[in-house]
Amino acid sequence: MSHGTFTTLITCMDGRVQKAGLDFMKETFNSDYVDVITEPGPNKILYDNTDNAIVDNIFRRADISAFSHGSNVLAVAGHYDCAGNPVGKERQDIH
């Protein structure tokens, strides 16, 4: 087990959203570290659940975060203007 507290963030690979996601997880959940799992448009990938290999890989990494690092918080974050999920805000919120 690692020292410190961990949370898990599944978010877009887009570098524009990385720092905001890390800051949110650390501040909101008072965590020392954030395990970040990135994919282009991860909220759409998980919502559609059509690419089993990618979904399984995301779950495998989340399991490592939970069971090896002790993370007990997981968040999925999408964002506007996403190349991997190019839909409007309403659809992003649904995903």
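Heavy-atom accessible area with a 1.4 Å probe sorts LYS44, LYS26, LYS19, largest first, into LYS19, LYS26, LYS44. Measure off, as a whole percent, the carbon and sulfur share of the 1.4 Å-probe accessible area of the chain, all protein chains present. C and S atoms contribute 54 percent here.
Think of a 1.4 Å ball rolled over the protein heavy atoms: the chain then has 62 Å² of accessible area per residue. Would you mind checking the tilt of helix 52-69 against the longest principal axis of the Cα atoms of the chain, expressed as 0 to 90 degrees and rounded to 10? With rounding to tens, the tilt is 20 degrees.
Surface listing: ILE94, ILE45 arranged by accessible area from highest to lowest gives ILE94, ILE45, probe 1.4 Å. The residues packed around GLY78, meaning those with a beta-carbon under 15 Å from its beta-carbon, carry a net charge of -2 if Lys and Arg are +1 and Asp and Glu are -1. Under the criterion of Cα pairs below 8 Å and six or more residues apart, the relative contact order for the chain equals 39 percent. Can you tell me the orientation of helix 18-29 relative to the chain, as the angle in degrees between its alpha-carbon axis and the longest Cα principal axis, to the nearest 10? Once rounded, the angle reads 50 degrees. Computed with the Debye formula from one identical point scatterer per Cα of the chain, without solvent, the log10 of I(q)/I(0) at q = 0.15 Å⁻¹ comes to -0.57. Charges were assigned to the Cβ only: +1 to each Lys and Arg, -1 to each Asp and Glu. The resulting dipole of the chain about its Cα centre is roughly 80 debye.
The values are calculated or read from the model by the stated rules, or taken from the named source; none is laboratory data. Bear in mind the structure is a predicted one, so any value in this text is a computation, not a measurement. Methodologically, a virtual Cβ is constructed for each residue, glycine included, from the backbone with ideal geometry; neighbour enumeration extends over all protein chains shown. Accessible surface areas use protein heavy atoms only, side chains included; no ligands, DNA or RNA. Shrake-Rupley method; radii C 1.70, N 1.55, O 1.52, S 1.80 Å.
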